[in-house]
Amino acid sequence: SRLLGGPLGSRRPDASTPRRLMAMRWSDAPSHDPLRRPASALGSPTRGAAPGAPEHAPLSERASALRRCAGCRSMIAVGEDALEMQGGRCYHTKCFCCSACGQAMDRDAASCRTDLSGKLICEACGAARAKCCAGCGAEITSKYIEVGGKAYHRECFACSTCRRQITGKYFNKDGGLLCPPCHEAKHPAEVCAECGSAIREGRIMRSGGSAYHMACFSCTKCRRPIEGCFWREDDGRGRLCKECQPRCAVCKGSLDGKSYMRLNSGAPVHTDCFKCCDCRGKIGSRYFEAPASNPFRASTDCYRCEACHVKSVEMREQFTNAKSIDDEERKKDQDAQKFKLFWRPSLVPSARQALLDLGVDQMPPGGDPSGLVCFCVPPPAESTRSCASSGVVCIAGVTEKHRAAAVSLPYFACALRVLRECRREPQFSLDPKDPHDLAGPHLVKRFYPSWLAGTVVGEVLFQADYALKQLCFGDKRLPGIPSAFDEDASGRADEPRAARQWFTVRTAGVTVSADGVLVPFVKMGVEARRLTMGPNGYTDASYSDPNDPWAKQAAAVTERFGEVVAQLPVARELLEVARATVLAVYLLGQGFRCDDAAIQRYRVPKVPEGKGYPMEIPTLVKERRSASVVAVERGDSSELLVSRMSRSMRGGVDLCVPQGKRLPVRNVAAKLLGEQPRPMRFPLFAGPLMASPAKDLPPARSALGVAARAA
């Protein structure tokens, strides 16, 4: 700067006039340079005039009127003492002070500096604010580079590995500077998980521990780059952007940030939106798909909660069960008419017709008009209680008062023929046509002997056995007798079951009155055995638990057999056949001789069907659907099971007398014939008693044993 002394209008100094000049050495970096200028490098004032000239000169009045103080930014008045620095900046004398400590600046050029903003700063403050190179540690007095709060000389800004000066791109890793080649060597570029190439520039997208190019990290549906949140598909590899993310199947809203579940169809749905179509309550983890049409309640949705589904299934099963029962009853009525599956009282044979077939044209006198007769032997002598040695068997009429002593002549004649020809009692069984298939379409009637098929006695055996099956299945109900579909505490309710139940003679004997009347007594019952599969089909189990429902049912029928006989007419006829069989066994056991020719002449009563008598009937199997529904866990899933009970029954009638030829005999002093005329001789017995009657009698055997061998 130069001093323009004197007031305005004074003469200009000539060239020989010494001028007071101050030269300022500035930093090489201009104020707009991105490299910052250090305070120590922004020069101290130096003399730019002749030696001995003053460093600072006051401005002339003309010049000061055109200047503004660089310190206070106010105009320098005319005549006001001011200083002008190199570069044209002017200061009031009072403003020529350090901007840091506020002390007046020494006008000596060696102590005058400016900071990076161009403000004056003293030597001490400038030294305190001076930067040191992070590379060499020396004070920076020229252009420098600042990285991460550290300053470097341009020549010290070099790679920490190869020491070459960095002039372009660089990397600041772990506190050190690396050039691109050294950085590549120390830190290899990550490989994009999508395209497989190295990621050397641009943003790196990371997801699931993998790195991606920005362009490669895109939506698998619309292929647009994903920024921000994304949705991972179920396969774990696909990604969906916000626009392509799946929506709730009910409200169509986004699933982002909300709890949801996925249906069996794969559609996602908010847990708050997933509601039962019947009760409209929120559905938990267990849900069930409802049918498209609900016959019990109108519904537009297609899912139910467990409680509503159970109710719906129970209602459906009740409806199906009711329809099944109606269809079953209708079919039973049709089968009953077609196969005559009911007892016909008109089949009860007449004693008068039996005598006519035997050549006797009149009934014994003194009897009831209905034709009740009893069997008797000649009265024993006073000195002995044994039967008469003549071997004559007589019949006599019986009044209603002594009806218990009456025996059916046709049943007795048929049983006597069976015993004489087969040396065994009559027997019947109802078996599956295929012994390996209990639920086969047909059952087969098996009579022993076979000629009983189509006879009235055979029909009694079959109809009694069929009535027992109906009683067990609940088709015929009697108080105190459970059915096969009542509560079953053993095993699973839906387990198919089958058993064999037999009418059997439990105890038998004969009572002999004082006038020789023979009164047979029989106690019948039912025995049950569970059927098990064997190599030749279903056979009787070796043991049946007494607590088994079948055994309990058989015990109930046995205990109330008198009520069964009173309620079922065919059971009464079966009891009459059993009494006639016991009497025949007794007479043969006592040695009475039969007239075989007369037995052959006797025509056993037949049923009206004749040769059209059906030997096969529809299978007597019953299935019931329970209204109770049970939840069953199966691995990771669960399901509802409807309880179904399927029951089938086999068995028959076995009239085997347990005591064989040793029937117990009880003699009573009462007389049953009263003052009647002498009884008539029965033509099926003739001649004296046999010396060895055992050969004409059937051996003692177990009823179930006979049944098993016959089957």
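The values are calculated or read from the model by the stated rules, or taken from the named source; none is laboratory data. Just so we're clear, the structure is a prediction, and the values are computed from it rather than from any experiment. FYI the Cβ positions are ideal-geometry reconstructions off the backbone, even for glycines, and counts take in every protein chain you see. When the accessible area is computed, the model is the full protein with side chains, heavy atoms only, and any ligands, DNA or RNA have been set aside. Shrake-Rupley method; radii C 1.70, N 1.55, O 1.52, S 1.80 Å.
General observations
- Candidate set: the stretch 267-281, residues that are outside any strand (DSSP E or B) and without any contact (Cβ under 8 Å) to a residue 24 or more places away in the chain; chosen: the one most open to solvent (accessible area, probe 1.4 Å): R280
- Just one of the listed residues (V526, V565, V512) is open to solvent by less than 70 Å² (accessible area, probe 1.4 Å), of a type in the set (V, I, T) and in contact (Cβ under 8 Å) with a residue 60 or more places away in the chain, namely V512.
- If you go through the stretch 327-353 and pick out every residue that is aliphatic (A, V, I, L, M), in a helix (DSSP H, G or I) and under 22 Å from K611 (Cα atoms), you end up with 2.
- Test: A578 is open to solvent by less than 60 Å² (accessible area, probe 1.4 Å) and either part of a helix (DSSP H, G or I) or out of contact with any strand residue (DSSP E or B) (no Cβ under 9 Å at 6 or more places or on another chain) (or both): yes
- Only residues that are under 28 Å from P364 (Cα atoms) and polar (S, T, N, Q) were counted in the stretch 394-439, giving 2.
- Subset tally (residues that are surrounded by fewer than 15 Cβ atoms within 10 Å (Cβ to Cβ) and part of a strand (DSSP E or B)) for the stretch 155-189: 4
- Scanning the stretch 199-216 for residues being small (G, A, S) and surrounded by 13 or more Cβ atoms within 10 Å (Cβ to Cβ) gives a total of 4.
- Meets criteria (acidic (D, E) and at pLDDT 90 or above) for E633: no
- Of everything in the stretch 581-618 that is assigned to a helix (DSSP H, G or I), open to solvent by 10 Å² or more (accessible area, probe 1.4 Å) and under 21 Å from D654 (Cβ atoms), the residue that is modelled with the highest pLDDT is Y586.
- Conditions (1) farther than 30 Å from C394 by Cβ; (2) surrounded by fewer than 22 Cβ atoms within 10 Å (Cβ to Cβ); (3) in contact (Cβ under 8 Å) with a residue 40 or more places away in the chain; number of the one not met by V557: (2)
- Residue in the stretch 408-425 that is surrounded by 23 or more Cβ atoms within 10 Å (Cβ to Cβ) and under 26 Å from T532 (Cβ atoms) present: no
- Evaluating R62 against the criteria (1) of a type in the set (K, R); (2) modelled with pLDDT of 75 or more; (3) part of a helix (DSSP H, G or I) leaves one unmet condition, (2).
- Residues of the stretch 139-197 satisfying the condition of being under 30 Å from C216 (Cα atoms), free of Cβ contacts under 8 Å to residues at least 12 places away in the same chain and of a type in the set (K, R): K169
- Unique residue being buried (at least 22 other Cβ atoms within 10 Å of the Cβ) and more than 53 Å from the chain's Cα centre (by Cα) when the list is L443, L452: L452
- For E233, the criteria (1) closer than 22 Å to L263 by Cβ; (2) open to solvent by 50 Å² or more (accessible area, probe 1.4 Å); (3) touching a residue at least 24 places away in the same chain (Cβ under 8 Å) hold in every case but one, which is (3).
- Within the stretch 237-257, considering residues that are farther than 20 Å from I204 by Cα and loosely packed, with under 14 Cβ neighbours inside 10 Å, the one modelled with the lowest pLDDT: G257
- A82 vs. criteria of a type in the set (A, V, I, L, M, F, W, C), in contact with a helix residue (DSSP H, G or I) (Cβ under 9 Å, 6 or more places away or on another chain), crowded, with 16+ Cβ neighbours inside 10 Å and at pLDDT 50 or above: yes
- Among residues of the stretch 667-681, those that are under 21 Å from G509 (Cβ atoms) and either assigned to a loop (DSSP other than H, G, I, E, B) or modelled with pLDDT under 85 (or both), counted: 6
- Test: residue in the stretch 132-148 that is touching a helix residue (DSSP H, G or I) at 6+ places or on another chain (Cβ under 7 Å), modelled with pLDDT of 80 or more and open to solvent by 50 Å² or more (accessible area, probe 1.4 Å): no
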